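To start, the structure under review is shown below, and the notes come after it.
Nothing in this text is a laboratory measurement; each read-out follows from the coordinates by a stated rule. Computed from a predicted model, the values in this text were never measured in an experiment. Positions of Cβ are backbone-derived with ideal geometry, glycine not excepted, and every protein chain shown enters the neighbour counts.
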Amino acid sequence: MQGTCSGAITLIVHNFASISVCHTWVQKEASAEFTSIKCKPGWAQFSIWLVVVSGTEMGWTVFLLKGTCAPFWRPGGQLLQTRLCLSCSRQISINSGVQDCPPSTPKRPPIRIGCASGFWGDTAASVPQLLYGGKLDFLVFDYLSEITMSLLTAAKAKSSSLGYTPDFIHTAMAPYITDIHKAGIRVVSNAGGNNPIACAAALQEVIKKANLDMKVAVVTGDDLMKQKDSFKEAGVTDMESGKAFPDTIHSMNAYLGARPISRALDLGADIVVTGRCVDSSVVLGPLIHTFGWKRNEFDLLAAGSLAGHLIECGAQCTGGIFTDWHLVPDWHNIGFPIVECTSDGNFTISKPQETGGLISFGTVAEQLVYEIGDPEHYLLPDVSCDFSLVSISEIQGHDGGAVRVHSAKGQQPSSSYKVCATYLDGFRATAVCPVVGPNAAEKGRRTAESILRRTRDIFSKLGFDDYSDVNLQILGAEDSYGPYAKTKDLAREAVIWLAVHHKQKKALEIFAREIAPAGTGMAPGLTGIVGGRPKVSPVLKPFFFLYPKKNVKIDIFMNEKHIERFVDDYTFTTDESFDSTPAAAEVPKDLPSGPYTYRLAELAFTRSGDKGNNANIGVIARHPLYYPYLKRALSSQVIQEYFEHLLPKEHSGEALVTRYELPGIYALNFVLKYSLGGGGIASLRSDPQFCETLKRIIRDQRSVFVSAASGMALMLCIGLEPYITFPSLLITFILWMAS
């Protein structure tokens, strides 16, 4: 076969009758010569899908070239010549139906994307590490969360020049902008927060000072505050609780997707600054731009979204907060993640050489289950992802570890954006006081209760209502463990955590003044007030709803000039909703069992996350053979009963825990509704998102019964290969010896 390329491609195939139906990969440049045809599944890299029908039946292939058909058959049956253009959109074979368009871009080398920030306040050490040791094409930053957006909204209310994350400008960009420019690394960041225009203006000052010529693009349109009155009139309700639209809206932002980012890069931007977008889009945008992934290539979009999801939180996938924290070296120099992705959606995750941290199946699998709900319907603006069958495999011999990730699947995304609004709901104040000496926990508890009683007496005399909510914890007494606490009153050092909520600010100012008198009029051993007198601050609660994408006006600016109104194609979206109720869990039967008990941490990795007022806990089996035991032991009902002391009493009797399965990584994911005390800055708990507390409790306490003998029998019954059986037997034997 010979091939040439000059705007169009001409293929000449000899011996027509001897060639069977196949997909042909054309890998050479123009005028290259091909001596053989290698058939493999997939699309041709130059958008050529050659289908030839073999045998005695005459066959032909028709290519639709934007309305132009160009088949050509030379008599004699020995030569088929077809001329087609690179913009081919669909093809029809005589013996097949219409099929989706192949990719329209040539195969390109893989690209490397490093993530230098997982939240506002992440370490300044990440940028130089990735810049000088990452060999990057793109450097991305994720700064935003519901809490962060609330804080940035408050900042913007004080000054029109605020409302973005200044760390991006002063810590991440200013010291390194010249080297970033020299290296040709392009930057994508959602640091714009609630004021991306001001963020870009500040960045332009940095570029100007460095005497550089760079294009800074801004994506706007996520801020919907101007439409709050129309939402109120339309009767918009919270998508989960059904609550009416609040009167005291403070901020309102749609979670935009990756397409506006990719468009800004198409227009030549060196740096793209956005407001609120889904976290993973800062990675998916560059992938769409580089590889030209189409809107209906859902599996590719799901793979790119998964790549973004895994690295968006920075060091969380390179050993940060890992279950086996004691195995992770050099926290002071922990490596930040790099994803290397190819045009077919396969990718690896690694980190710069000679950095600390760890990349392994466990660290990356933990991040996969972070902040997800239903893994078969992980909804994003660009694609609805199915991560249930994703597999993660370790790559041997890589410095610091590396993994290969594949098998993400995708479907049509929703025709609506998810919107997060925050609204004012009273005020809060928190007192934090260390207590030392014998019976520290008891002294701390009585002190806090006495402060509450005194202030309530004052409220009554002044005509104030009671507190709307109170959270009293004695840190060090295992209060968060509830009935499972082991050292409740034995601690000789403890910390009072007393957080209160009230509708009136003046009432909490009284509370704040009554903390210090406890140092002289109550228990001995109160050593001080952390941070001084408690500060009264507004409470912002989240409110979520859906809003049609077609109604959101997205604009792209370049170097402070409006370039275009971004217009998306909603052909590949759907208005259909899905049922997130998992199928009835199949309880493994006839599992061999024995007398030995193990802590969950010995059998599984765990990771937790938060979304609004809901938490999730992912449990990943350390070995596939443990998975059926975990499925049997950890039902939704068991988890709900175990965490009953943390769930709201007003919802008692409801099923608040849902279990989902991820058999690809042998994992279970539990979603706990209404478990975070309001979530974010609305929560009065010491762990506002409470996810680390949940994770710690479940892996410390939950027991699973299994025996060495039964594990051996199970492996023999299912007929594992010897090279798998021996290590598995060894692991089980070690567990048996440890017990």
Legend entry - Pairwise Cα inverse-distance average, inverted: Kirkwood Rh of the range 430-474 (Å): 11.8
Legend entry - Ratio of Rg to Rh over the range 368-424 (Cα coordinates, Kirkwood Rh, two decimals): 1.15
Legend entry - Measure of compaction for the range 241-289 (Cα Rg per 2.2 N^0.38 Å): 1.53
Inset, instruction - Could you tell me whether the range 462-612 comes out rounded, prolate or oblate from its Cα gyration tensor? Rule is a ≥ b ≥ c as square roots of the eigenvalues, rounded for a/c under 1.5, then prolate if a/b exceeds b/c, otherwise oblate. - result: oblate
Inset, instruction - Starting from the Cα of residue 108, step 7 Å along the direction of its Cβ; do the same at residue 247; then give the gap between the two resulting points in nm. - result: 5.3
Inset, instruction - State the extension gain, in nm to one decimal, for the chain segment bounded by residue 215 and residue 470, taking 0.36 nm per residue of separation less the distance between their alpha-carbons. - result: 86.8 nm
Inset, instruction - Give me the distance in nm between label points sitting 7 Å out from Cα along the Cα-to-Cβ direction at residue 449 and residue 650, one decimal. - result: 2.5
Legend entry - Per-residue HN-Hα couplings for the range 492-505 [Karplus 6.51, -1.76, 1.60; θ = phi - 60°; Hz; x = Gly/Pro]: 9, 9, 8, 10, 6, 10, 10, 10, 9, 10, 8, 6, 10, 5
Legend entry - Amide H partners (placed H, <5 Å) of residue 539, local residues excluded: 425, 426, 427, 428
Legend entry - Percent RCO, i.e. relative contact order, over the range 428-538, from Cα pairs under 8 Å lying at least 6 residues apart: 44
Legend entry - Relative counts (whole %) of C-alpha pair distances in the range 615-686, using bins that are 10 Å wide: 19, 44, 27, 10, 0
Inset, instruction - Pull out a ≥ b ≥ c, the square roots of the eigenvalues of the alpha-carbon gyration tensor of the range 408-499, then state rounded if a/c is under 1.5, prolate if not and a/b is larger than b/c, and oblate in the remaining case. - result: oblate
Inset, instruction - Identify, among 464, 525, 475, the residue whose Cα sits farthest towards the positive end of the charge dipole of the range 428-538, taking +1 on the Cβ of Lys and Arg and -1 on the Cβ of Asp and Glu, with the dipole about the Cα centre. - result: 464
Inset, instruction - Return the FRET efficiency for the residue pair residue 342, residue 208: r is the Cβ-Cβ distance, R0 is 41 Å, and the value is rounded to the nearest 0.05. - result: 0.65
Legend entry - Semi-axis lengths, Å, the range 251-400, gyration tensor of Cα atoms, sqrt of 5 times eigenvalues: 27, 17, 16
Inset, instruction - Grab the beta carbon distance between residue 562 and residue 638, set R0 = 45 Å, and tell me the FRET efficiency rounded to 0.05. - result: 0.20
Legend entry - Of the GluC sites (Glu not before Pro) in the range 509-617, those whose Cβ has at most 14 other Cβ within 10 Å and which sit in DSSP loop: 560, 576, 586
Legend entry - Whole-Hz ³J(HN,Hα) from phi, Karplus 6.51 cos²θ - 1.76 cosθ + 1.60, for the range 353-361, glycine and proline x: 5, 6, 10, x, x, 7, 10, 8, 3
Inset, instruction - Assuming R0 = 45 Å, can you tell me the calculated FRET efficiency for the pair residue 389 and residue 462, based on Cβ-Cβ distance, to the nearest 0.05? - result: 0.15
Legend entry - Nitroxide proxy distance, nm - points 7 Å out along Cα→Cβ at residue 331 and residue 160: 4.5
